[in-house]
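To keep things clear, I will list the structure first and then write my remarks on it.
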Amino acid sequence: MKSLLFSLIGSPLLVAASIQSTPDLGTAEGRCRSDESGPSFLVNVEGLKDRTGKLKLEVYPANDADFLEDDNILISAGKTFRRVEQIIPASGPVRLCVRVPAAGSYAVSLLHDRDSNRKFGWRIDGIGFAGNPKLGWSKPAASAATAVARSGPTQIEIVMNYRRGLAMRPIK
């Protein structure tokens, strides 16, 4: 009985349940410096439906079990999670920068939170992933949404997808 109790106390799920979820999780680690020279993704955003709301860029381990997992669970387990949020500029190119812990493969998602409610609403918001996979009705495999970061800044392009009829796809 004691061993069961101790295993539950040390469980990442129990620890994650006790951590207060905030929009700031992963942001300090993900924020790029103005002269960023370390491992990072410089994301060029293409195909925005409009310039309303915010963009939320998130980086996950490049495996299906951790991809799009709850940020509390990932951080409690000591796994990679990075987040950058940015108001969309009124005009011009849209770029975001997110730092990663080291060169290597990471799954990357980008939310166009048009109503700024911090949740993905498939009827309103847009979504995109590194690798620009064709989307169905479920999340893509982590391998299809993965990019490889080099030892310095790595440029990638993410094309946004929005609901069109019964599918999520780029506007163009």
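Numbers for the structure displayed
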read-out: Residues of region 28-44 satisfying the condition of being touching a residue at least 24 places away in the same chain (Cβ under 8 Å) and of a type in the set (A, V, I, L, M); value: 42, 43
read-out: Hey, residue 48 farther than 24 Å from residue 168 by Cα, assigned to a loop (DSSP other than H, G, I, E, B), aliphatic (A, V, I, L, M) and modelled with pLDDT of 50 or more or not; value: no
read-out: Criterion (at pLDDT below 95, surrounded by fewer than 17 Cβ atoms within 10 Å (Cβ to Cβ), within 25 Å of residue 131 (Cα to Cα) and among the small types (Gly, Ala, Ser)) met by exactly one of 21, 7, 37; value: 37
read-out: Subset of region 123-142 [part of a loop (DSSP other than H, G, I, E, B) and under 18 Å from residue 70 (Cα atoms)]; value: 138, 139, 140, 141
read-out: Per-region count, region 88-122, residues of a type outside the set (Gly, Ala, Ser), assigned to a loop (DSSP other than H, G, I, E, B) and touching a residue at least 12 places away in the same chain (Cβ under 8 Å); value: 9
read-out: Criterion: within 15 Å of the chain's Cα centre (by Cα) and either surrounded by 20 or more Cβ atoms within 10 Å (Cβ to Cβ) or of a type in the set (Lys, Arg) (or both) - qualifying residue of 68, 96, 57; value: 57
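The values are calculated or read from the model by the stated rules, or taken from the named source; none is laboratory data. Treat the numbers as computed from the prediction; the structure is a model and nothing was measured. Glycine gets a Cβ as well: all are built from the backbone with ideal geometry, and neighbour counts include every protein chain shown.
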